[in-house]
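Okay, so here's the structure we're looking at.
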Amino acid sequence: MRSTAGGESGAEVSPREPGTERDALGPVRSTHAPLPLWRAVLPVTMSVVIIVFINGFLFAKQGRIGTLFAVTIPVAAAAFVLFAWAPIRMRHLRITLHAYGVVVSTPRKSDNGKSHDEDVILFDDVDEVWFILESMRSWLGTVALMDALRLVKHDETSHLVPLHVRGGFTVAKEILRACSHPLHDDAARTVRDGGTLTFGNVALDRIGLRTTSWAIAWSELRLVRYLPGRVALFRRQTLFPWRNIRLDQVPHPTIFAKLVTEYAPKVEVDDPLGTLRD
């Protein structure tokens, strides 16, 4: 998030002596382990079973049962391996929330046996928070699941915090509360004073929203609707969005969503991620 009225958002960070990050983390608040492996792979297992069952039924009616074994089952097995590999690989992941930061511990193999890499991230060092979303589509509609948070430090290094852990929603809320929410008052003041905030490719001011390819004033919007993983802008009607802004393509998406809510003439929420804005 950038401001034309005051440079880069967020407070300046004083240089820190090497090796002091862990000391600055503060006390442990909570530790989060991955979901049980069976639970992590259950959705993809059920999907594969349903696909094989439906194809088996159709091929059996057509007398093509051989096609099931030659094509459907190998493809389904490959899909299972593809989608189940991530939870299997990350089954030893640990996320530790501290008062002033977070530690991501991931397994690695060394010459001396299994060990762990630790990524220590202090909240005061974070410049941008990005969502990494996974969209799941079904006949019931689309659901956007938060796969991870990507934290960009002031030195522009990027750090991933996976959320496929027990209490992952809590991890996300605590990081957002520490790294994004404190920026809201300054951001809102910048807009009120006539400044412009830039969220990725989207600029926001008290006049409206714009990118390099389109612009719209707040007064031109009939409706803003928060849909799974995106903000839908409706201009002349409320059936089909005029534009969509994906929440995983803007930094500090909760701040962006809150500012849009404050300036849009009408807002509807149809998104389980909406509670993260509070």
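The values are calculated or read from the model by the stated rules, or taken from the named source; none is laboratory data. Computed from a prediction, not measured in an experiment: that's the story for all the values here. Ideal geometry is used to build each Cβ from the backbone, glycine not excepted, and the neighbour counts take in all protein chains shown. Side chains included, ligands, DNA and RNA excluded: accessible areas come from the protein's heavy atoms. Shrake-Rupley method; radii C 1.70, N 1.55, O 1.52, S 1.80 Å.
Each residue of segment 175-181 is assigned a 3J(HN,Hα), and the resulting list reads 5, 5, 5, 8, 9, 10, 4 Hz, derived from the Karplus form 6.51 cos²θ - 1.76 cosθ + 1.60 (θ = phi - 60°), x at Gly and Pro. As a fraction of the 1.4 Å probe accessible area of segment 141-278, surface on carbon and sulfur atoms comes out at 48 percent. Farthest towards the positive end of the charge dipole of segment 204-248, among the residues Gly208, Leu247, Leu223, is the Cα of Leu223, using unit charges on the Cβ of Lys, Arg, Asp and Glu.
Neighbours of Val152 by Cβ distance under 11 Å: Lys/Arg scored +1, Asp/Glu scored -1, total -3. Within the shell of other residues whose beta carbon sits under 10 angstrom from the beta carbon of Lys266, the net charge comes to +1, with Lys and Arg scored +1 and Asp and Glu -1. Averaged over its residues, segment 179-270 has an accessible area of 48 Å² per residue, based on protein heavy atoms and a 1.4 Å probe. In the assembled protein chains, Asp186 presents an accessible area of approximately 90 Å² (probe radius 1.4 Å). A cut-off of 5 Å between modelled amide H atoms, ignoring neighbours fewer than 5 places along the same chain, links Gly208 with Trp218. Dipole magnitude for segment 183-261: about 360 debye, using +1 per Lys or Arg Cβ and -1 per Asp or Glu Cβ, origin at the Cα centre.
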